[in-house]
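Quick notes on the structure that follows.
The values are calculated or read from the model by the stated rules, or taken from the named source; none is laboratory data. Values in this document were obtained by computation on a predicted structure and should not be read as measured data. Using ideal geometry, Cβ is built from the backbone for each residue, glycine included, and neighbour counts are taken over all protein chains shown.
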Amino acid sequence: AVFDQLTDSLEAAWSKLKKEDVLTKDNIKEPMKDIRRALLEADVSLPVVRRFVKSVSEKAIGMGVVRGVRPDQQLVKVVNDELVGLMGGEMVGIEFAKSGPTVILMAGLQGVGKTTACGKLALFCKKKGKSVMMVATDVYRPAAIDQLVTLGKQVEVPVFEAGNQLRPAEIAKRGLAEGKKQGIDVIIVDTAGRLQVDRGMMDELKQIKQVVNPTEVLLVVDAMTGQEAAGLVASFNLEIGITGAILTKLDGDSRGGAALSVKEVSNKPIKFVGEGEGMTALEPFYPDRMASRILGMGDVLTFVEKAQEVMVKEDAELMQKRIMEAKFDFNDFLAQTRNLARMGSMSNIMKFLPGMNKVSPQQIREAEKSLKIMESMINSMTPKERADPDLLAKSPSRRRRVANGSGRSQEQVSALVAQLFQMRVRMKSLATMMQGGSIPGMEG
Ligand code: GDP
């Protein structure tokens, strides 16, 4: 089936890491080559592969160790998250019109499964409780109208047709009027396909689009055409403006590259995938489900996520405990400032804190500067001094050494030590208050 090959090739990448302790620049080189090759073999376009590999490498190296999780499992997780992002992140469904009928214009080359997709989509909308009508505008292929009528009978949806003597845009216009008259919720307009993209087809689609003013314009593409499908989505979008794609024949022996490339190449989401000839073989496109199908490692992903959550929770609990016991030291101080740095610059964070938007940029810059100064002093402390600030509080010679080491004055070092002790008190009372206790010194 589709993705089998990709799944197998990626397997080689993970297996090379099984004996390593941690992901490094060096030991991910070979696995990244495997991943690159696997994606190219799946017919993902080269620029997309390059960006993907670069991004995965950067994230993998910066990951650090998660207790109990092997590096190969970590890499699976990074690749999974990048795949999900590559495919657009969230599922994007059909947008239904707020008032009046939802008009879905279907476009695509001949033989990709457009007419079949009309029937499938009609059934999908019907199951959502909508009344549906299909409109047949393919006046060129003699059997096209019959095919839609037959599908309509199969899914029990009326089909509007007006023979093959009128212009497609005129038929679409009449179909829309009829649908409105009957109070239909969803009107699906099937259009003529050509063997390849040509001016005539694009112009005709533009005319129909202008007449029916669709809520959705969906381009149907064939997964078997790989990265070409992604290119088609991009060019149809430039020409007529589309809202998404339907990827068909994902049940065949396609290599799956289209599913991975469409969003990145065209910036339009895949909204549905077709996986069979039957009318029920249409599924909304979920990037996360597709990614875990590609990797075939759902359980590993869940495991790594849990481990990461536990670590974050343990860190938070540990910090809470240290605060309550007033043991908050310079190591914690550093860890906290680094957390802040990871979340973005201080000015960014301030914007989101209530009451903080009144702080001037000048004040923020000064706060950032003083954090840097504090960091430089802490970096000049010995590990013992960081863990036990009392050592510094009691010894002027230690404070002098830190001052010299960091290029600061002894007064600055003394002030920092004093600040830490003040912080201990303040943080503890804050934590107590948040736990529902009262603030010390505030009771009668
Ligand atoms: P159109 O020319 O784009 O309207 O294409 P059709 O809807 O007539 O479909 C062309 C052929 O592809 C038909 O034989 C369909 O049964 C088949 N087909 C359409 N969608 C799928 C799919 O998702 N999977 C498979 N295996 N076949 C499909």
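Values as computed for the structure displayed
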read-out	value
Residue in region 323-330 that is among the β-branched types (Val, Ile, Thr), within 22 Å of the chain's Cα centre (by Cα) and either surrounded by 14 or more Cβ atoms within 10 Å (Cβ to Cβ) or not in a loop (DSSP other than H, G, I, E, B) (or both) present	no
Residue match in region 260-274 (condition: among the aliphatic types (A, V, I, L, M) and closer than 30 Å to Glu170 by Cβ)	no
Every pair of residues 6+ apart whose Cβ atoms lie under 7 Å, when the first sits in region 318-336 and is in contact (Cβ under 8 Å) with a residue 60 or more places away in the chain while the second is of a type in the set (A, V, I, L, M) and in a loop (DSSP other than H, G, I, E, B)	Phe330/Met381
Leu123 under 27 Å from Val262 (Cβ atoms) and buried (at least 23 other Cβ atoms within 10 Å of the Cβ)	no
Test: residue in region 93-115 that is farther than 26 Å from Ala234 by Cβ, within 16 Å of the ligand (Cβ to nearest atom) and under 29 Å from the mean Cα position of the chain (by Cα)	no
Test result for Val48, among the hydrophobic types (A, V, I, L, M, F, W, C), within 20 Å of the chain's Cα centre (by Cα) and not in a loop (DSSP other than H, G, I, E, B)	yes
Test: residue in region 69-79 that is touching a residue at least 60 places away in the same chain (Cβ under 8 Å), surrounded by 13 or more Cβ atoms within 10 Å (Cβ to Cβ) and part of a loop (DSSP other than H, G, I, E, B)	yes
So Gly129, is it outside any helix (DSSP H, G or I) and more than 16 Å from the ligand (Cβ to nearest atom)	yes
Top-ranked residue in region 132-151 [being surrounded by fewer than 22 Cβ atoms within 10 Å (Cβ to Cβ) and more than 12 Å from the ligand (Cβ to nearest atom); ranked as farthest from Leu218 (Cα to Cα)]	Pro142
Total residues in region 1-24, condition charged (D, E, K, R) and over 25 Å from the mean Cα position of the chain (by Cα)	5
Every pair of residues 6+ apart whose Cβ atoms lie under 8 Å, when the first sits in region 93-121 and is within 17 Å of Gly179 (Cα to Cα) while the second is near the ligand (Cβ under 7 Å from one of its atoms) and outside any loop (DSSP other than H, G, I, E, B)	Met106/Lys114; Met106/Ala117; Met106/Val220
Residue check, Ile270 among the β-branched types (Val, Ile, Thr), touching a helix residue (DSSP H, G or I) at 6+ places or on another chain (Cβ under 6 Å), under 15 Å from Ala223 (Cα atoms) and touching a residue at least 24 places away in the same chain (Cβ under 8 Å)	yes
All positions within region 373-409 that are in contact (Cβ under 8 Å) with a residue 40 or more places away in the chain, among the hydrophobic types (A, V, I, L, M, F, W, C) and out of contact with any Leu (no Cβ under 9 Å at 6 or more places or on another chain)	Ala387
Entirely in region 199-303, the helices (runs of 4 or more DSSP H) that have 2 or more residues that are under 24 Å from the mean Cα position of the chain (by Cα), away from the ligand (no atom under 14 Å from the Cβ) and outside the structural domain of Leu151 (by TED's automatic domain parsing)	287-295
